[in-house]
Amino acid sequence: MGPGPSLSAPPHVDIDAIRDRAMTCTDCRLAETRTQVVWSAGNLDSDVLFIGEAPGFHEDKQGIAFVGAAGQLLDTLLGEVGLDRSQVAIVNVIKCRPPNNRDPLPDEIEACRPYLEAQLRHMQPKVIVTLGNFATRFVTGLQIGITKARGQLFDYGGATVIPTFHPAAALRGGRFGGLSPVDAIRADMKVVRTILEQARARDVEARQQAAVGSSEQLGLF
Ligand code: SF4
């Protein structure tokens, strides 16, 4: 894992105020064609952040990230490793649907960048799962495709970044290294679970050491 951007500053993010601003945002052309801004799904106070590309037809109508067939696949694969939407957050690189689900344009990604960066700073996640090319490039800062990035781990301010296929792309089929893309995501979910458990174990150990350290200091007086 190479060094990544810092998640550490600023210390406090007023995520509700930033969300309120996003809901009426007109900072790029997508404001003209969206039905509504899609801020997130799941739990923005959890340890795991999934980042997709952009809202699609159903997300734009319902205002929730990852509904429809891709969302159902994600829910199924999360469930297989004992996770659900109460234990993860799901967001997109851009918060408004591009017309006809076209790719986000570079200036749209830049205009929307502060919202995803605020979500990252607010959450300080232990694990970030990037779904597809756009999220992987955003988080790693590398011009890398998902087929090359998958199987590698990256660092983002102390969070472990796990790139995998976008569920919508996986539903279109194909093969990757002998696996179907759905099975590739399935395998990556096991990595998510393992790394999450390791990070939580490190937290517990650090808290125990801090408690021992402070009780020893008290013993000096
Ligand atoms: S995509 Fe992002 S920057 Fe563009 S209008 Fe929507 S919220 Fe604003």
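Taking the Cα-to-Cβ direction at Thr33 and at Phe57 and moving 7 Å from each Cα, how far apart do the two end points lie in nm?
Each label point lies 7 Å from its Cα, and together they span 1.5 nm.
With charges only on Cβ, +1 for K and R and -1 for D and E, what is the dipole size of the chain about its Cα centre, in debye, rounded to 20?
Charge dipole, the chain, about its Cα centre: 520 debye, nearest 20.
With a length cut of 20 Å (Cα positions projected on each helix's long axis) and a Kyte-Doolittle mean of at least 0.0, go through the chain and give me the DSSP H helices that pass.
Values: long enough: 106-123 (25 Å, -0.78); 181-219 (57 Å, -0.36).
The qualifying helices: there are none.
Could you check what % of the DSSP bridge pairs in the range 15-219 are antiparallel, to the nearest 5?
The answer is about 30 percent antiparallel.
If you average the sequence gap of Cα pairs under 8 Å that are 6 or more apart and divide by the length of the range 15-219, what percent do you get for the contact order? Could you put the intermediate results ahead of the total?
Numbers: 337 pairs, mean separation 42.5, N = 205.
Over the range 15-219, the number comes to 21 percent.
Using a ≥ b ≥ c from the Cα gyration tensor of the range 61-204 (square roots of the eigenvalues), is it rounded, prolate or oblate, where a/c under 1.5 gives rounded and otherwise the larger of a/b and b/c decides, a/b for prolate? Before the final figure, lay out each step's value.
Details: a/c = 1.35, a/b = 1.11, b/c = 1.22.
Because its axes are fairly even, with a/c under 1.5, the range 61-204 counts as rounded.
Which of the peptides 188-195, 36-43 is most tightly packed, and how do the rest follow, judged by the mean count of other Cβ atoms within 10 Å per residue?
Ranking the peptides 188-195, 36-43 by packing returns 36-43, 188-195.
Points 7 angstrom from Cα along the Cβ direction at Lys148 and Ala187: gap in nanometres?
Result for the modelled spin labels: 2.0 nm.
Got a sec? Charge dipole of the range 15-219, +1 on Cβ for Lys and Arg, -1 for Asp and Glu; which of Val204, His122, Ala54 is way out at the positive end?
After comparing all options, I get Ala54.
Extension gain Arg21-Arg202, at 0.36 nm per residue separation less the Cα-Cα distance, in nm?
61.6 nm
No value in this document is a laboratory result; all are computed from the given coordinates. Remember, predicted model here, so these are calculated numbers, not experimental data. Cβ atoms come from the backbone with ideal geometry, glycine included; neighbour counts cover every protein chain shown.
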